[in-house]
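Just so it is clear, none of the values below were taken in a lab; they were calculated from the coordinates. Every value quoted in this text rests on a predicted model; they were computed, and no experiment measured them. Positions of Cβ are generated from backbone atoms using ideal geometry, with glycine treated the same way; all protein chains shown enter the neighbour counts.
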Amino acid sequence: MIFDKWIAAFSHEKLTCGACKKEFSVKELRKALYICPECNKYMRIGGRERINQVVDKKSFEEFATGLSSVDFLEFPGYSDKLTKAIDATGEDDAVICGHGTVNGYPCAIFVMDSRFMMASMGSVVGEKITRTFEYATEHHIPVIGFTASGGARMQEGIISLMQMAKCSAAVKKHSTEGNLYITVLTDPTTGGVTASFAMQGDITLAEPNALVGFAGRRVVEQTTKSQLPDNFQSAEFILEHGFADAIVPREELIDTLTTILKLHRKEQAAG
Amino acid sequence: MTPYEKLKLTRQNGRPTGVAFINGIIDDRIELHGDRRYAEDAAIISGIGSLDGMPVTYIAIEKGVDLATRMKTNFGCPKPEGYRKALRLMKQAEKFGRPVVCFVDTSGAYPGAEAEERGQGEAIAENIIEMLGLKTPTISVVIGEGGSGGALALCSSDRVYMMENAVYSVISPEGCASILWKDASRAEDAAQCLRITADDMKNFGVAETIIPENYEDFAATCAVIKQNLKDDLNELLKKDTDTLLEERYLRFRKFGIYEENGETHGTVAYAL
């Protein structure tokens with residue numbers, strides 16, 4: 001699988017923690033779930049790595065591959081940005097979708113990847129997330145969505161805004177049929193993604209310290225004309241204000257997801 | 001007019017705001033206030049009324065017409081409580097089987113600290129998903145600025161009309177220019193790139209109808225909107241709920257231009 005090759009290619013590399021600037025081998029970081037062994041900072045992780053962490057080994061089947069973005073507005077710099085992002089990540093765009101099992105429970109999964117143009121949402125991201133919900137509706141299975149995004153991809157103009165409604169329509173259908181949708185808000189979940197499918201889950205989990213908000217901090221500061229608290233728009237902040245169900249540390253995520261999936265399984269008779 | 005000139009026109013003093021459209025189109029109006037959760041938001045004016053005898057729920061973003069009213073309405077930037085009030089009235093319209101008509105004019109949802117604390121993103125997300133499932137017809141008219149998610153929260157409808165000079169955009173041209181060129185003064189170039197005009201929306205399938213603007217006679221402009229609303233709502237009211245919802249699903253499902261295994265997909269045959 002491409003994904004094993006990808007991991008192999010990176011496993012001898014070194015990565016530096018953005019907070020404490022200490023260097024670690026990828027192997028070491030993978031073992032630590034990309035939580036900095038020195039300072040506990042939650043590092044942002046790519047889509048493949050996330051799937052590797054959460055989904056049962058060999059159960060993941062990716063779908064909606066081979067979709068790529070088109071610079072249909074001939075927007076300044078978009079083609080170059082796409083080429084660079086594809087080269088840097090080895091991915092087609094900013095989301096990976098598929099189905100698999102988490103501790104044996106089948107589900108559809110999408111993982112947004114902030115390394116790809118800050119996981120901004122254009123036609124490809126919207127289409128893949130929509131297909132994830134359509135697949136899950138058809139198969140009556142839950143969706144687990146890992147969100148991360150700078151917002152709508154302005155290089156695709158109004159069509160990127162419409163992706164918010166397109167995905168929401170698919171979430172609605174999935175929900176109307178009684179299916180479960182769990183969101184895991186990861187760093188950073190902002191803008192149009194927050195204002196659509198990131199906030200439409202039945203159960204909303206967040207990673208510690210993840211940035212979660214709608215408007216950008218600088219814009220809010222300009223509007224408010226005052227300094228904002230350090231924890232403004234953090235996972236802890238949105239939990240306190242009632243917009244997340246729980247903050248789940250990375251090492252507890254599989255257990256939490258498993259319990260939620262178990263409690264939503266179709267056979268519910270007591271033993 | 002260039003796209004940027006149109007944008008400036010939508011922000012110009014004297015351009016009719018939400019209130020003028022409601023007064024010109026809806027009769028027997030009863031304004032209804034508050035979200036029943038936190039507060040009333042003057043940036044959204046909503047209520048019930050009649051469209052030539054057809055009961056409707058109306059929801060309009062109001063920018064204000066002078067400094068006092070603009071301060072009160074936050075220059076037409078709704079807060080979460082405004083969106084939640086709109087949703088409350090939409091659910092009420094669904095209960096009584098009456099259509100919803102929205103008039104949209106905002107540079108965007110209010111980006112203040114308290115709006116973030118009260119879940120601006122969640123409020124918009126909830127409006128979008130609930131509008132998409134609303135079991136009654138919905139039509140939105142972009143009368144001035146259709147600013148990003150703050151506009152989409154009232155535009156996830158069966159039909160969208162654009163006033164001839166109205167604009168609809170994923171980001172303000174100023175915001176786009178400052179991200180792209182670190183220079184907000186290049187908004188004019190950004191407006192060109194983003195494709196924000198009524199004609200663009202029609203080409204993309206984002207809007208079905210463009211309403212001509214008659215500056216000498218606003219009543220005549222309102223009469224045209226009214227006729228379109230009546231015709232479309234009469235047609236939409238004939239559909240059974242499943243058909244209405246499925247057609248609304250497909251209306252949004254079609255958006256997206258991308259390549260799949262070498263083939264270009266997307267319903268928009270858009271010529272630059």
Measure out, as a whole number of angstrom, how far apart the alpha-carbon centroids of the stretch B:58-84 and the stretch A:40-92 sit.
39 Å
Other protein chain Cβ atoms within 10 Å, averaged over every residue that makes up B:191-200:
3
Once you've got the GNM for chain B with C-alpha springs shorter than 10 Å, pick whichever of B:Thr221, B:Thr243, B:Thr197 has the biggest mean-square fluctuation.
B:Thr243
Which distance in nm do the two modelled labels at A:His139 and A:Leu239 give, with both placed 7 Å along the Cα-to-Cβ direction?
3.1 nm
How much net charge surrounds A:Tyr42 when only the other residues with a Cβ under 9 Å from the Cβ of A:Tyr42 are counted, with Lys and Arg +1 and Asp and Glu -1?
+1
Most fluctuating of B:Lys226, B:Lys238, B:Lys72 in the GNM of chain B (C-alpha, under 10 Å) is B:Lys238
Is the C-alpha gyration tensor of the stretch B:23-136 telling us rounded, prolate or oblate? Criteria: a/c under 1.5 is rounded; beyond that, a/b larger than b/c is prolate, otherwise oblate.
oblate
What list of ³J(HN,Hα) couplings, whole Hz, do you get for the stretch B:33-50 from phi and the Karplus terms 6.51, -1.76, 1.60, once you set θ to phi - 60° and write x for glycine and proline?
10, x, 9, 6, 10, 9, 6, 9, 10, 5, 5, 10, 10, 8, x, 10, x, 10
In the stretch A:234-271, what GluC sites (Glu not before Pro) fall in a loop by DSSP, with at most 11 other Cβ atoms inside 10 Å?
A:Glu267
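Add +1 for every Lys or Arg and -1 for every Asp or Glu among the other residues with Cβ under 14 Å from the Cβ of B:Leu9, and state the total.
On the way: positive: B:Lys6, B:Lys8, B:Arg11, B:Arg15, B:Lys63; negative: B:Glu5, B:Asp105, B:Glu145, B:Glu164, B:Glu188, B:Glu213.
The answer is -1.
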Gyration tensor (alpha-carbon) shape descriptor, chain B, a/c threshold 1.5
rounded
What does the structure give for A:216-225 when I average, per residue, the other chain Cβ atoms found within 10 Å of the residue Cβ?
4
Inter-probe distance in nm under a simple model that places probes 7 Å from Cα toward Cβ, at A:Thr16 and A:Cys39:
1.2 nm
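Can you tell me what the convex hull of the Cα atoms of the stretch A:78-148 projects to on average, as an area in nm²?
On the way: hull surface 19.2 nm².
So the mean shadow area of the Cα hull is 4.8 nm².
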Reachable lysines, given that their alpha-carbon falls under 24 Å from the alpha-carbon of A:Lys41 and they are not under 8 places away in the same chain:
A:Lys14, A:Lys21, A:Lys22, A:Lys27, A:Lys31
Euclidean distance between Cα centres, the stretch A:137-169 to the stretch B:114-188, Å
15 Å
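I need the shape label for the stretch A:45-263. Rule: rounded when a/c is under 1.5, else prolate if a/b > b/c, else oblate, with a, b, c from the alpha carbon gyration tensor. Walk me through the numbers before you get to the answer.
Values: a/c = 1.57, a/b = 1.10, b/c = 1.43.
Oblate.
Which of the GluC sites (Glu not before Pro) across the stretch A:51-81 are loop residues per DSSP, with 14 or fewer other Cβ within 10 Å?
Working: sites: A:Glu61, A:Glu62, A:Glu74; in loops: A:Glu74.
Filter output for the stretch A:51-81: A:Glu74.
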When ranked by the protection proxy of mean other Cβ atoms within 10 Å per residue, highest first, what sequence do the peptides B:254-262, B:157-165 form?
B:157-165, B:254-262
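Under the 0.36 nm per residue contour assumption, what length would be gained going from the current alpha-carbon distance of A:Lys31 and A:Lys266 to full extension?
Values: separation 235, 0.36 × 235 = 84.60 nm, distance 3.38 nm.
So the chain would gain 81.2 nm between A:Lys31 and A:Lys266.
In peptide A:60-67, what is the residue-averaged number of other protein chain Cβ atoms found within 10 Å of each Cβ? Intermediate values should be presented prior to the final figure.
On the way: counts 0, 0, 0, 0, 1, 2, 5, 6.
Averaged over the peptide's residues, the number is 2.
Kindly point out which whole DSSP H helices in chain B project their C-alpha atoms 20 angstrom or further along the helix axis while averaging a Kyte-Doolittle hydropathy of 0.0 or above.
Working: long enough: B:80-96 (24 Å, -1.09); B:218-238 (30 Å, 0.06).
Membrane-span-like by this criterion, though nothing is claimed about a membrane: B:218-238.
Let me know the longest stretch in chain A that avoids all trypsin sites (Lys or Arg not before Pro) found in a DSSP loop with at most 12 other C-beta atoms within 10 Å.
Numbers: sites that count: A:Lys21, A:Lys57, A:Lys58, A:Lys225, A:Arg265, A:Lys266.
Longest run free of exposed loop sites: A:59-224.
Beyond 30 Å between alpha-carbons counts as too far, so tell me which of B:Lys72/B:Lys230; A:Lys128/B:Lys238; B:Lys63/B:Lys238; B:Lys8/B:Lys182; B:Lys135/B:Lys226 fall in that bin. Working shown, then result.
Values: B:Lys72/B:Lys230 32 Å; A:Lys128/B:Lys238 34 Å; B:Lys63/B:Lys238 34 Å; B:Lys8/B:Lys182 21 Å; B:Lys135/B:Lys226 22 Å.
Pairs exceeding 30 Å: B:Lys72/B:Lys230; A:Lys128/B:Lys238; B:Lys63/B:Lys238.
Quick one: net charge of B:Ala42's neighbours, Cβ under 9 Å, K/R +1, D/E -1?
Values: positive: B:Lys72; negative: B:Glu40, B:Asp41, B:Glu62.
Neighbour charge sum, excluding B:Ala42 itself: -2.
Kyte-Doolittle cut-off -0.5, length cut-off 27 Å along the helix's own axis using Cα: show which whole DSSP H helices in chain A pass. Present the calculation step by step, with values, prior to reporting the outcome.
Numbers: long enough: A:157-176 (30 Å, 0.34).
Sorted by number, the helices that extend far enough and score high enough are A:157-176.
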Spelling out what I want: for every residue of the stretch B:136-149, take phi, set θ = phi - 60°, compute 6.51 cos²θ - 1.76 cosθ + 1.60 (Karplus), and round to whole Hz; glycine and proline get x.
8, x, 9, 9, 10, 10, 7, 9, x, 9, x, x, 6, x
Under 16 Å from A:Lys57, Cα to Cα: aspartates and glutamates that are on another chain or at least 8 residues apart:
A:Asp4, A:Glu49, A:Asp255
